[in-house]
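Here is the structure we will look at.
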Amino acid sequence: MKRLNVILSLSIAAMFVFSAVASEQEAPKDFTLKPIFGEKPFQLSKAKGKYVAIHFLLKTECPICLRHVRAYFEHEKDHSDVIQLYVKPDTPGEIKAWASKIPQGDMEKAPEIYHDPDAKLAKQFGVPGGYKFHGQVVHFPAFVLLDPNGKEVFRYVGKNNSERYSYEKFVKKMEELKS
């Protein structure tokens, strides 16, 4: 039992070391993501002058991802200098079915969800994979924040599907970066 605990501890430590090294690696200079519902793709080079918050969501039916997206989307207008990108690696049809479950309430429109085929962008940003969830092996849930020049200034990688970078923490991080 002790040996299993040691192996598990070393595995978790290795994941965080990998995450730290990945955050120091050069992020893609430019990338384009296709929207699932809209027609206008997102292109990083056209977002100069704004922060870009990339939410790497899980490839599966994840109810926690739904709550996470809604929490950020409800406050998007409070942060006009930040573009929130919600990214999923599922097929477009799977993403549409998943996004239809985002409670709309009195929101004017649904958040745009972007397609990341085969988690290509997640891999380019060094988001670790190997997380087992709903019978699939997926990348860990992650949040990457780029500054107005497109340079990575912060990242958070959850250990499981319920560990997300909360909206409240995001607000504090933005205050810290702008001070």
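What follows is calculated from the coordinates using simple rules that are stated; it is not laboratory data. None of these values were measured; they are calculated from a predicted model. Because the Cβ atoms are built from the backbone with ideal geometry, glycine has one as well, and the counts that use them run over all protein chains shown.
Values as computed for the structure displayed
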quantity	calculated
In the stretch 80-179, the GluC sites (Glu not before Pro) that fall in loop regions by DSSP, at most 12 other Cβ within 10 Å	Glu108
Loop-located trypsin sites (Lys or Arg not before Pro) in the stretch 97-179 whose Cβ has at most 12 other Cβ within 10 Å (DSSP)	Lys101, Lys109, Lys151, Lys159
Partners for Lys77 among lysines (Cα-Cα distance below 16 Å; same-chain residues under 8 apart left out)	Lys50, Lys109
Ranking of Tyr114, Tyr131, Tyr167 by count of other Cβ atoms within 10 Å, fewest first	Tyr167, Tyr131, Tyr114
